[in-house]
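Below: one structure, written as structure tokens.
The values are calculated or read from the model by the stated rules, or taken from the named source; none is laboratory data. Nothing here was measured: the structure is a model prediction, and the numbers come from that model. All Cβ positions, even for glycine, are placed from backbone atoms using ideal geometry, and neighbour counts span all protein chains on display.
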Amino acid sequence: HCQAVRAVCRREIDCDRGNGYSWKITLLRNYWKSKVKQEWLSGKYSNIPSQHSLPEKSMYPMDVDTWGEILEAELER
């Protein structure tokens, strides 16, 4: 699970590990974020008509760099 989460959230995982968090805590801190981020990066929400059409679980607190990655992926589509 840790490697799968790291594939999506490399920066976040490396930062947590660098700050001394165990793999267990790192996984708990980043698991749902990686799921939501992967859905955004894959284009699952690319053609929604409005923010009201987003499923409840489509949002997660993410930093500006993460949203930048998502925006770059959208611009490349």
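Below is a table of values for the structure above.
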{"read-out": "Matching option when the condition is at pLDDT 90 or above and either surrounded by 12 or more Cβ atoms within 10 Å (Cβ to Cβ) or in contact with a helix residue (DSSP H, G or I) (Cβ under 6 Å, 6 or more places away or on another chain) (or both), among Asp14, Asp65", "value": "Asp14"}
{"read-out": "Test: residue in the range 46-59 that is buried (at least 16 other Cβ atoms within 10 Å of the Cβ) and in contact (Cβ under 8 Å) with a residue 24 or more places away in the chain", "value": "no"}
{"read-out": "Every residue from the range 26-77 that is more than 17 Å from Arg6 (Cα to Cα), part of a helix (DSSP H, G or I) and among the small types (Gly, Ala, Ser)", "value": "Ser53, Ser58, Gly68, Ala73"}
